[in-house]
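What follows is calculated from the coordinates using simple rules that are stated; it is not laboratory data. Here the structure is a predicted model, which is why all the values come from computation and not from measurement. Cβ: placed from backbone, ideal geometry, glycine included. Neighbour counts: every protein chain shown.
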Amino acid sequence: MDLSYSSSSSSSSPPFKQPGSKLLPLNQIPSCQPNTRVRFLGCIASYDMTNAQLSLSHPPSSVLIKTDISLLTSSLSMGALRDGEWVNVIGDTQEGGGEGVLVTAITLWSAGGINLGKYEKGVKGRLEADLLG
């Protein structure tokens, strides 16, 4: 399935490295300051078409990230946004009022048949390397 959308690029290739984005596990997104550009992997838990918002999770964590995809809706295939689909997101964190954090997506693409164990290990290694500086 081709699921690659960006509000700032017409290229069909996934933006594997977006300058200025911080690669994080989904459960760490709520600790980010507003206006932090983040990159994360999430599983679609639900899609609210009225508000153009995805609810993304990363089981077994119970953290749910509301993700505004209104900047991408003109290029999205709504049928591709199915519950259970894993997607990569690059976006900016916002205060979500009483609902915690909201991410405004600028790019979203399918994770396909991702190996979650390898992905999680890679993210952990990247975070550890960043701490060592």
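Couple of notes before you dig in:
- Between the stretch 107-124 and the stretch 45-60, the Cα center-to-center distance that results, in Å: 18
- Using θ = phi - 60° and Karplus 6.51 cos²θ - 1.76 cosθ + 1.60, couplings along the stretch 36-53 (whole Hz; Gly, Pro as x): 8, 7, 10, 10, 7, 10, x, 9, 5, 8, 6, 9, 9, 5, 4, 9, 6, 10
- Exposure proxy order (Cβ contacts within 10 Å, fewest to most) of L81, L116: L116, L81
- Cβ crowding within 10 Å, taken as a proxy for footprinting-reagent exposure, orders R82, R37 from fewest neighbours to most as R82, R37.
- Sequence of T107, T67 once ranked by neighbouring C-beta atoms within 10 Å, starting from the fewest: T107, T67
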